[in-house]
Amino acid sequence: MEEHKMPLTEHLGDLRKRIIVSFAALFITFLISFNYSEDIFRFIMFPLKYNLDFSLKNMYIHFVPQDKLQNTKLVFLAPAEAFWMNIKVAFVAGLILALPVIFYQLWKFISPGLLHKEKRYVVPFILLATSLFLIGAAFCFFIVLPFAMGFLLTYKVGDFLSPMLSVGNYVDFCLKFILAFGAVFELPIAIIFFTRMGIVTPKTLAKNRKYAILLAFVVAAILTPTPDAFNQTLMAVPIIVLYEVGIILSRIFKRRKLE
């Protein structure tokens, strides 16, 4: 550990500096994203128009148009609704672009409490944390959202019902899902951190697996923007898988620490 301890005021000053730098990076990436908000918005329409199709017999995976939803158009119900949706889309896109800077500032804030040899893992930490968030967001966007849209908007609607979605509801639904999945996919890093702090051990994590599964469904119920069990299951299953991955990584981390 560091030979000297930082006083509380110095910790708060350092935290303020990290927050300012992170917000500055977010502001810059937001401005860049806002210039392309229309293109990003068109891209967000993808889960509404296409669905993932796979065949075990022919061993292929591809996206096919959702016939019942191809003509679905988004409407806005208030004068400023479309404008604010562009703001939200640009903000989330800017947040994703700024993640390496944000994770670097987080690392710089916690680095005084790390051992000298552990401080060398700054680049792997940034790459892993950013990659996990992107994988979670991509998993949600290309697999979960098309599946959810196809199910929720076509199941038992017949030929006499057609969806009319407001742009606000659709964008909020998609962005909340994407951010939630991105955050959930950071679970292995959180487990490694808690293992490093001595709060948990791999043995404890494995022993309490059944409680983790229950907690996964509770967290999924809180984070998903809809109350149905279908979407909660789509999030709970990856959480359980990531929990198992976290156990494996914590065992590897602890083994290297003892060597």
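Data overview
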{"read-out": "Odd one out for Ile199, checked against (1) within 18 Å of the chain's Cα centre (by Cα); (2) more than 23 Å from Asn71 (Cα to Cα); (3) of a type in the set (Val, Ile, Thr)", "value": "(1)"}
{"read-out": "Search result, residues across region 126-150 that are at pLDDT 90 or above and either of a type in the set (Phe, Trp, Tyr) or outside the structural domain of Tyr50 (by TED's automatic domain parsing) (or both)", "value": "Phe133"}
{"read-out": "Verdict on Ile240 being among the β-branched types (Val, Ile, Thr) and modelled with pLDDT of 85 or more", "value": "yes"}
{"read-out": "Condition check for Phe193: assigned to a helix (DSSP H, G or I), within 30 Å of Val89 (Cβ to Cβ) and either modelled with pLDDT under 85 or in contact with a Phe, Trp or Tyr (Cβ under 7 Å, 6 or more places away or on another chain) (or both)", "value": "no"}
{"read-out": "Residue check, Ala190 out of contact with any Ser or Thr (no Cβ under 7 Å at 6 or more places or on another chain) and farther than 14 Å from Pro47 by Cβ", "value": "yes"}
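The values are calculated or read from the model by the stated rules, or taken from the named source; none is laboratory data. Just so you know, these numbers come straight off a predicted model, no measurement behind them. No Cβ is skipped: glycine too gets one built from the backbone with ideal geometry, and neighbour counts run over all protein chains shown.
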